[in-house]
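Just below is one structure, and these are the notes that go with it.
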Amino acid sequence: MRTTGTYVLSTTLGERVQAFVPHPLPPSHPALAPGCFEQRNRAAELALARLSGVSGLVPSVDWLLYSAIRKEALLTSQIEGTQATLTDLFDEEAGFAVSNTDDVEEVSNYLRAFRWVQDHLRDPAGLPISSRLLCGAHRLLLNGARGTGKQPGELRRSQNWIGGTRPGNAVFVPPPAEKVAGLLADLERFIHAENADLPALVRIALVHLQFETIHPFLDGNGRIGRLLIAALMEQWGLLAEPLMYLSGYLKAHQAEYYRRLSAVRTEGDWEGWVGFFLEGVETAAGDAERSIVAIASLIAADRRRLLATPKATPASYRLFEMLPMMPRFTIEKARQQLDTSFPTATAAVKILEGLGLVTELTGQKKNRSYSYQPYIDLLTR
């Protein structure tokens, strides 16, 4: 059986525990056999290529990114127990009152961290994928009440553990704090090395698991580790835009996700993890492709209805084109986005409402709120 690390004694909260220190990547003794992943890797790469191609179905890829990034932010947070919904996120962005503000803040923080990482990777003068980049993302992720005391933006300085009520009955004890910086440096070297013998998706699978094993932060490791997947997908040319929400697959198979991570540490089963990851990419890319086709069909049909009505105005056309990135809104929000007068914005909203494209939510005469509900229903299906 392949060993993937060593155990060292560590003391935390007065208990001596066996902490796991992973070997550097790639797996060795034996190395990963190409036969164990070649077929599934081809299927996953093909699914990603189809996803990239189908994004041309809509006039603006920004529509797709708006929903895809928010779904990933939501789902990766839900894996960690966050209860916010996609509608909560749309409501918060529209300025509506939301009940679970802390949960929505966590999802919004992930969005900010994701955009920050993406901006750096797309800027020639920006940070590369590195400990500094991940610490910067972590600082944004834990910004707020729940992140207080969790050392946002800093590598942990104490021993942590996963599962159990105390270190002594933990499911897994990551490496001691003094080893974290060195282990991350090894991981950076693997990321930036020429690894031509391993396909990019396989390397991403290895990197994600190694990061989760190191568990370098006091909180937020799962979300940063999954953000790293999306960053590497773009960095290594697998997906030009983050249109796939892999966390949906990982959430749907959460028990197996954790079991596969654990089996690498306990049994050396890198092959099982890589197979699971590649299957997840293929499935998630297929789901995203079908979602894009459904979104494109809905918006095209609704646009035809608007174009066919003699009551339509230039303002109502412009407002309709904003709906995929503003699915919940007030008339004041519409007025601001259209940069027009209140009566013109009101008339534009009334036209869309009359066609059944948007629905009024409050039943009030004033301060009315609207929803592009068929679109939201499609995204939350």
Counting only residues 5 or more apart in sequence or on a different chain, those whose built amide H sits under 5 Å from that of ARG156 are PHE217, LEU218
Net lengthening on full extension, ARG122/ARG50 (0.36 nm per residue, minus Cα-Cα): 23.6 nm
Could you give the nm distance between label points at TRP236 and GLU267, where each point is 7 Å from its Cα heading toward the beta carbon? 2.4
Find how much the distance from SER60 to ALA31 grows on full extension, using 0.36 nm per residue of separation minus their present alpha carbon separation; answer in nm with one decimal. 6.1 nm
When a footprinting reagent is the concern and you count Cβ atoms within 10 Å, what order do HIS208, HIS23, HIS29 take, fewest first? HIS29, HIS23, HIS208
Measure nothing but the geometry: give the 0 to 90° angle between the long axis through the Cα atoms of 270-308 and the longest principal axis through the Cα atoms of the chain, rounded to 10°. 10
Exposure proxy order (Cβ contacts within 10 Å, fewest to most) of GLU212, GLU38: GLU38, GLU212
Across every pair of different alpha-carbon atoms, what Kirkwood hydrodynamic radius in Å does region 5-291 reach? 19.6
Can you flag which of LYS179/LYS251; LYS150/LYS251; LYS71/LYS179; LYS251/LYS350; LYS251/LYS333 are past 32 Å Cα-Cα? LYS71/LYS179; LYS251/LYS350; LYS251/LYS333
Exposure-ranked with fewest Cβ neighbours within 10 Å first, LYS150, LYS366, LYS333 stand as LYS366, LYS150, LYS333
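Counting only helical runs of four or more DSSP H residues, what would the 222 nm mean residue ellipticity of the chain come to if each run contributes -39,500 (n - 2.57) and the total is spread over all its residues? Walk me through the numbers before you get to the answer.
Details: 15 runs with 221 residues, N = 381.
Value at 222 nm, helices only: -19000 deg cm²/dmol.
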Less than 13 Å Cβ to Cβ from LEU250, Lys/Arg counted +1 and Asp/Glu -1: what total charge do the surrounding residues give? 0
Would you mind calculating the gained length between ARG290 and THR313 on full extension (0.36 nm times residue separation, minus the Cα-Cα distance), in nm to one decimal? 5.1 nm
For VAL171 paired with ARG259, estimate the spin-label separation in nm (one decimal), with each label point 7 Å from Cα along the Cα-to-Cβ line. 1.2
With a ≥ b ≥ c from the Cα gyration tensor eigenvalues, square-rooted, and the rule rounded for a/c under 1.5, otherwise prolate when a/b > b/c and oblate otherwise, region 234-364 is prolate
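A short reminder: the numbers here are calculations on the coordinates, not readings from a lab. Here the structure is a predicted model, which is why all the values come from computation and not from measurement. Please note: Cβ atoms are built from the backbone with ideal geometry, for glycine as well, and neighbour counts cover all protein chains shown.
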